[in-house]
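The structure appears below as structure tokens.
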Amino acid sequence: MKKFAAVFPGQGSQSVGMFASFMDNTVVASVYEEASDALGYDLKKVTLEGPESELNRTEVTQPAILTASVAAFRAFAAQCDEMPACMAGHSLGEYSALVCAGVLDFADAVRLVRLRGQAMQDAVPQGEGAMAAVLGLDDEVIVKACDEVSTAGSKVWAANFNTPGQVVVSGTAQGVAKVSEILTSKGARRVVPLAVSAPSHCPLMQSAADKLSEALNKLKISDAKIPVYSNAFAKPETKASEIKDALVRQLVGPVRWVETVSSMKASGVEVLVEMGPNRVLSGMLRRIERSLIAANVGDPESLTKTLEVLN
């Protein structure tokens, strides 16, 4: 079997009706039942029927994506004799990876990411923060422009290093608007404002990070059975104390996804299996490491195909 890693998507991969064809799988159905019990409402109904405005509320979106990803992984694990060599998740997806690596109890994680979503929303009043995707510029140019704008009084940071030529910036609405103008003048192919309710992965999330740290202190956190690459450090973590620190830092620092994927390839990984809906990470992979094989588990058909790819 090829050496593979399991990767888990973050916020933005959700859509009403996702996993509809997977719900007949008994493993998937049991995960949704467990999540609904932990949350106190029918997550399966919201996922399948919406409305979209409800599913897109941050405190609903985060448990929904976590549940879909864990369900996909458990369905995969029930049919695959081998476990991944390592795991990683993009932003929120790191929590899915940690559940599947045995670090966090699933029910605890579902409630934790709901709290995380609420804390992120509360950290910056609606409309005062913003994010934008910058396409077609080198990382160094973007980081320097953010530093210049922030020194001048507005606040903006490079928040997601998604692929070569795609970096997301995050900060105050004024800061993001200013840096967007500067980067457009420097030759960015496009600067696309993102429809988000909170400016993630920047120091404006410090109050949310503090609440998250307090919540993590109350949970049982175990060492990882499978190494999980952290967003904050782009290296595999196994110790519970290091994992907790990385989760807190993740909220106020950038997602180092390019480094993470490159490091997994350097470790000998041949295939990245995306566990969850809509293949967002698989699309990124083609622009990071074209020699890696992208596979996914998001429905019964893709599960069967991925098992064939790995063997």
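The values are calculated or read from the model by the stated rules, or taken from the named source; none is laboratory data. Just so we're clear, the structure is a prediction, and the values are computed from it rather than from any experiment. Here the Cβ positions follow ideal geometry from the backbone for every residue, glycine too, while neighbour counts run over all protein chains shown. Side chains are part of the model used for accessible areas, which takes the heavy atoms of the whole protein and leaves out ligands, DNA and RNA. Shrake-Rupley method; radii C 1.70, N 1.55, O 1.52, S 1.80 Å.
For region 119-141, indicate whether the set of residues that are of a type outside the set (A, V, I, L, M, F, W, C), at pLDDT below 95 and in contact with an Asp or Glu (Cβ under 9 Å, 6 or more places away or on another chain) is non-empty. Yes, region 119-141 contains a residue that is of a type outside the set (A, V, I, L, M, F, W, C), at pLDDT below 95 and in contact with an Asp or Glu (Cβ under 9 Å, 6 or more places away or on another chain).
Quick check: anything in region 46-64 closer than 30 Å to SER263 by Cβ and of a type in the set (Val, Ile, Thr)? Yes. Of all residues in region 18-44, those being among the hydroxyl-bearing types (Ser, Thr, Tyr) and closer than 23 Å to THR304 by Cα number 4.
If a residue has to be over 21 Å from LEU303 (Cβ atoms) and in a helix (DSSP H, G or I) to count, how many in region 100-111 make the cut? Of the residues in that region, 5 qualify.
Just one of the listed residues (GLN206, GLN250) is open to solvent by 10 Å² or more (accessible area, probe 1.4 Å) and part of a helix (DSSP H, G or I), namely GLN206. Among the residues of region 211-225, not a single one is surrounded by fewer than 20 Cβ atoms within 10 Å (Cβ to Cβ) and at pLDDT below 95. The set of residues in region 100-110 being closer than 24 Å to MET205 by Cα and open to solvent by 20 Å² or more (accessible area, probe 1.4 Å) consists of ASP108 alone. Residues that are farther than 10 Å from ALA132 by Cα and open to solvent by less than 10 Å² (accessible area, probe 1.4 Å) were ranked within region 151-161; the one that is modelled with the lowest pLDDT is SER154. Restricting to region 261-276, and then to whatever is crowded, with 17+ Cβ neighbours inside 10 Å, of a type in the set (A, V, I, L, M, F, W, C) and more than 19 Å from ASN311 (Cα to Cα), can you tell me which residue is nearest to the chain's Cα centre (by Cα)? Step by step, filter region 261-276, then rank; the result is VAL261. Annotation: of all residues in region 114-150 being over 15 Å from ARG57 (Cα atoms) and among the charged types (D, E, K, R), the one that is least open to solvent (accessible area, probe 1.4 Å) is ASP139.
Residue check: is ASN296 at pLDDT 95 or above, open to solvent by 10 Å² or more (accessible area, probe 1.4 Å) and either part of a strand (DSSP E or B) or within 20 Å of THR61 (Cα to Cα) (or both)? Judged against the criteria, ASN296 is a match. Could you look through region 226-236, keep only residues that are open to solvent by less than 40 Å² (accessible area, probe 1.4 Å) and in contact (Cβ under 8 Å) with a residue 40 or more places away in the chain, and pick out the one that is nearest to the chain's Cα centre (by Cα)? Only one residue fits best here, namely ASN231. Applying the set (1) open to solvent by 20 Å² or more (accessible area, probe 1.4 Å); (2) in contact with a helix residue (DSSP H, G or I) (Cβ under 6 Å, 6 or more places away or on another chain); (3) without any contact (Cβ under 8 Å) to a residue 40 or more places away in the chain to LYS239 leaves exactly one unmet item: (2).
Contact annotation: residue pairs with Cβ atoms under 7 Å, 6 or more positions apart or on different chains, pairing a residue in region 90-110 that is farther than 15 Å from GLY276 by Cβ with a partner that is among the charged types (D, E, K, R) and assigned to a helix (DSSP H, G or I), are ALA107/GLU34.
Evaluating ASP122 against the criteria (1) farther than 18 Å from LYS220 by Cβ; (2) assigned to a loop (DSSP other than H, G, I, E, B) leaves one unmet condition, (2). Criterion first (open to solvent by 20 Å² or more (accessible area, probe 1.4 Å), out of contact with any Lys or Arg (no Cβ under 8 Å at 6 or more places or on another chain) and either closer than 16 Å to ALA97 by Cβ or free of Cβ contacts under 8 Å to residues at least 60 places away in the same chain (or both)) does LYS244 satisfy it? Judged against the criteria, LYS244 is a match. No other residue among SER197, SER185, SER170 is touching a Pro at 6+ places or on another chain (Cβ under 7 Å) and either open to solvent by 40 Å² or more (accessible area, probe 1.4 Å) or closer than 19 Å to LEU92 by Cβ (or both) apart from SER170. Take region 253-285 and flag every residue that is at negative phi, of a type outside the set (A, V, I, L, M) and not in a helix (DSSP H, G or I). Of everything in region 253-285, those that are at negative phi, of a type outside the set (A, V, I, L, M) and not in a helix (DSSP H, G or I) turn out to be GLY253, PRO254, ARG256, SER267, GLU270, GLU274, PRO277.
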